[in-house]
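Read the structure below first, then the notes.
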Amino acid sequence: MRRIILVEDSKEIFVMVNQAVKPIAHLDWAENLSQARDLFSTNPYDLVLLDMELPDGNGIDFCSELQVKNPLTPIFFLTSHKDLSEKVLGFSAGADDYITKPFSPLELKARIEAKLNKIEMIQKNSDYLKWKEIEINKASQEVRILIDKSLVPIDLTALEFKLLMYFANRYNN
């Protein structure tokens, strides 16, 4: 199942977002940047929902930090900051989308689903597939799996590789 992290200090927003994304993804919640960093150290995320103002820091700085560590993970700002200059700042920091509060849960779900589906389509058509525990290079037919926090290459027969590709191309279907 897809995995999203919401970095937001309001429980009410968490409840709304959780209801919106429950049918399409598992939602983790971090009430501050410290919790978010802890969750990122142990979990891969398909998408980040990030507030601008958090008790222990600034969402813009965290967005920039995430861009360095996870450049392919989409980041959506979900914030009450409505000024154009703040939106531009958010996009400049690397955000993929900017949603202002109050928001429509249905629209939020649609935006998230569209982004995740597009990423999934690109992954299926690329020569490289990656999940948290396995990486597959279709062109070279190399497979690496996660063992003790390291990706280790494994040898597969041609039939084993074809079977793996069959299941990998149908992941989340």
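The values are calculated or read from the model by the stated rules, or taken from the named source; none is laboratory data. Quick caveat, the model's predicted, so the values are computed rather than measured. Positions of Cβ are generated from backbone atoms using ideal geometry, with glycine treated the same way; all protein chains shown enter the neighbour counts. Keep in mind that these areas ignore ligands, DNA and RNA; they rest on the heavy atoms of the full protein, side chains included. Shrake-Rupley method; radii C 1.70, N 1.55, O 1.52, S 1.80 Å.
Where does helix 105-125 land angle-wise versus the long Cα axis of the chain, in degrees 0 to 90, nearest 10? Taking Cα atoms only, the helix is inclined about 30 degrees.
Checking (1) 0.96; (2) 0.94; (3) 1.02 against the coordinates, the calculated Rg/Rh (Cα atoms, Kirkwood Rh) falls under label (3). Cross-link reach is defined here as a Cα-Cα straight distance under 15 Å, omitting same-chain residues fewer than 8 places apart; for Lys149 the aspartates and glutamates meeting it are Glu133, Glu135. Taking the chain as a Gaussian network of alpha-carbon nodes connected by springs under 10 Å, the highest mean-square fluctuation of the residues Lys149, Lys118, Lys132 belongs to Lys149.
I'd like the FRET efficiency for Val152 and Arg3, computed as 1/(1 + (r/R0)^6) with the beta carbon distance as r and R0 of 22 Å, rounded to 0.05.
Values: r = 23 Å, r/R0 = 1.05.
Rounded to the nearest 0.05, the efficiency is 0.40.
When the charge dipole of the chain is built from unit charges on Cβ atoms (+1 for Lys and Arg, -1 for Asp and Glu) and taken about the Cα centre, the candidate among Val15, Thr42, Gln141 whose Cα reaches farthest toward its positive end is Gln141. Surface composition of the chain: carbon and sulfur make up 54 percent of the accessible area, probe 1.4 Å. Taking 23 Å as the cut-off for C-alpha to C-alpha distance, list the pairs among Lys11/Lys118; Lys82/Lys109; Lys115/Lys162; Lys101/Lys132; Lys118/Lys138; Lys132/Lys162 that go past it. Over 23 Å apart, Cα to Cα: Lys11/Lys118; Lys115/Lys162; Lys101/Lys132.
Computed about the Cα centre, the dipole magnitude for the chain is approximately 680 debye when only Lys and Arg (+1) and Asp and Glu (-1) carry charge, each at its Cβ. Which value, in Å², gives the accessible area per residue of the chain when a 1.4 Å probe is used on the protein heavy atoms? For the chain, the solvent-accessible area averages 58 Å² per residue.
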